[in-house]
Amino acid sequence: MYSGDWLFRLSQFVRDTKRPTSQRIPANVWGLGVTSMLTDISSEMVVSILPAYLVMTGGLAPVILGVATGLHEGGPMLAAWIGGFIADRSGRRKLTAALGYGLSAICRLGWFALSTRAIAPVAALVVGDRVGKAIRTAPRDAMISLSVAPAQLATAFGVHRALDAAGAALGPIVAFFVLWQLPHRYDVIFFISLVVAALGVAALILLVDEYPERRATEPHQPRPLRSATLAVFRDASLRPVILLASAFGLVTISDAFIYLLLVQHAHAGAQWIPLLYTGTALSFLVLAVPVGYAADRIGRRWVFILGHVLLGLSYVAAFGGLNLWPWNAILCVALLGGYYASSDGVLAGLASGVLSTRARAMGLAWVATAVSVARVCSAIAFGFLWTRAGDRIAVSTFAIALIVVIVVALVTREVEGPATT
């Protein structure tokens, strides 16, 4: 199919909304969503204060924030591959995910005990946290995709991402009020983050079934061998998805840079940065489920590309010269939330739709790895451009590159079809 077929799919979508049968989401998806919500409360409490903690009060250069942000958003790339490989080989997706969640919780203890803002310990904690995220992402998403019918993939991921976004919204709010009442008491934020991370691990253990409902009715299948692992990456249907996600990841400006520049241009206080994270998360929360449902009906690839159009519009709102604080910030975070709703869960649904059941976690790990590499490169490149040439040159370069990738994606053939087992 070609992207122009979205008009036909839209008519199908309108008819489907009048028949809301078979749209119930299994308990496993909700359990994984609660786990992610608690984990994201913990994670975003730390992430939302990094720009202030490292640059505005720590005095570090923007390129250092670029390194920290790149490591946080991209994470250690091979860990995602390892997590997917272990999950598919052993069949213990829940246990593999629990190891990742547990490692991230341990890193919260490191932030609490941190006594210096030097780049080495900061990078070590960010890397440790992201190793945990990379290990858990593929087996978690595999459990979500195997819990629902193929026609519900993006919807299920939308539900999960909505709960995830709820945590992303609550975390910065907690950080904001702590800094408001206790200025510069970052240690309090780190301690609360540690407690909530531990609750997230407990939720995974208590609420999530090792074998999702749909898997329980399927015959046993052999675990993929190493050759099958590489074959997943060579899959002709998956390769365009990886290329598409990588291309967009390379031209995406990290949220930390957008929020930091917004606050600096408006001469606002550092305490407002966590609320910008919250605004984006709330927009994501509202849009994740309806956008996921629409993507299942009118085409996941089409919605994924549209999300990056919203990303480009967020750049215009943030850096278009309209310094109407806080209205430009509100518009920016609303557009960013729409971008995440149209890209994060939709990409997982797009990849799951072309992956076989027996190597689902491994295929999702390859997609996550590709996105990780791209986002690490983009964050470091943007930080370098900002440091050497100024923020205007950096933003303009990335905005032009984003437009080019959108145009190329729109004129190329769509690859989206049913997975095989």
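For region 360-375, putting each phi into the Karplus relation 6.51 cos²θ - 1.76 cosθ + 1.60 with θ = phi - 60° gives couplings of 5, 5, 5, x, 5, 5, 5, 5, 4, 5, 4, 5, 4, 4, 5, 6 Hz, in residue order, rounded to whole numbers and with x for Gly and Pro. Convex hull volume per residue, computed on the Cα atoms of region 271-330, equals 80 Å³. Shape analysis of region 111-197 places it in the oblate category; the axes a ≥ b ≥ c from the Cα gyration tensor give an a/c of at least 1.5, with a/b not above b/c.
Bear in mind that the values in this text are calculations on the coordinates, not laboratory data. This one's a predicted model, so the numbers in the text were calculated from it and none came from an experiment.
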